[in-house]
Amino acid sequence: MNLIDRYVHQVGKRLPKKQRTDVEAELRSLLSDMVEDRAQTKVNKADEEIIVDVLRDFGSPSQVADSYQPQKNYLIGPEL
């Protein structure tokens, strides 16, 4: 399993099952495209270094998963 697959899996674990497959496919495609774009501009870097840089810039899996969750707007929050 490569780094992108592991990252996508970690994001997918934090999502509801009904949305997991679509988001994982979208993320995998987006990350692969970003790696390809950076690989064209950076000749001296190894492939794995580029992937690590892209994943670091993309954010933690929990932050990415949270961005796919619907935002709940409460007048008074549930914690109160």
(message) As I understand it, the value is the acute angle between the Cα axis of helix 47-58 and the longest principal axis of the Cα atoms of the chain; what does it come to in degrees, rounded to 10?
(response) 30 degrees
(message) Cut-off 19 Å, label point 7 angstrom out along Cα-to-Cβ of ARG56: give me the residues of region 1-16 whose amide nitrogen falls inside.
(response) 3-8
(request) Give me the percent of the accessible area of the chain that comes from carbon and sulfur atoms, probe 1.4 Å, all protein chains in place. (result) 49 percent
(message) Tell me the mean residue ellipticity at 222 nm calculated for the chain from its helices only (DSSP H runs of n ≥ 4, each -39500 (n - 2.57), averaged over every residue, nearest 500).
(response) -22500 deg cm²/dmol
(request) Using θ = phi - 60° and the Karplus relation 6.51 cos²θ - 1.76 cosθ + 1.60, list the HN-Hα couplings for region 19-29 in order, rounded to whole Hz, with x at every Gly or Pro. (result) 10, 4, 4, 5, 5, 4, 5, 5, 5, 4, 5
(request) Relative to the longest principal axis of the C-alpha atoms of the chain, give the angle of the C-alpha long axis of helix 3-13, reported between 0 and 90° and rounded to the nearest 10°. (result) 10 degrees
(message) Could you report the chain's accessible area per residue, 1.4 Å probe, as an integer in Å²?
(response) 76 Å²
(request) Compare LYS13, LYS45 by solvent-accessible area with a 1.4 Å probe and give them largest first, with all protein chains kept in place. (result) LYS13, LYS45
(request) Would you tell me the accessible area of GLU49, worked out with a 1.4 angstrom probe on the heavy atoms of the protein chains, in Å² to the nearest 10? (result) 100 Å²
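The values are calculated or read from the model by the stated rules, or taken from the named source; none is laboratory data. Predicted model, so just to flag it, every value in this text is computed and none were measured. Note that we place each Cβ from the backbone using ideal geometry, even for glycine, and neighbour counts take in every protein chain shown. Side chains are part of the model used for accessible areas, which takes the heavy atoms of the whole protein and leaves out ligands, DNA and RNA. Shrake-Rupley method; radii C 1.70, N 1.55, O 1.52, S 1.80 Å.
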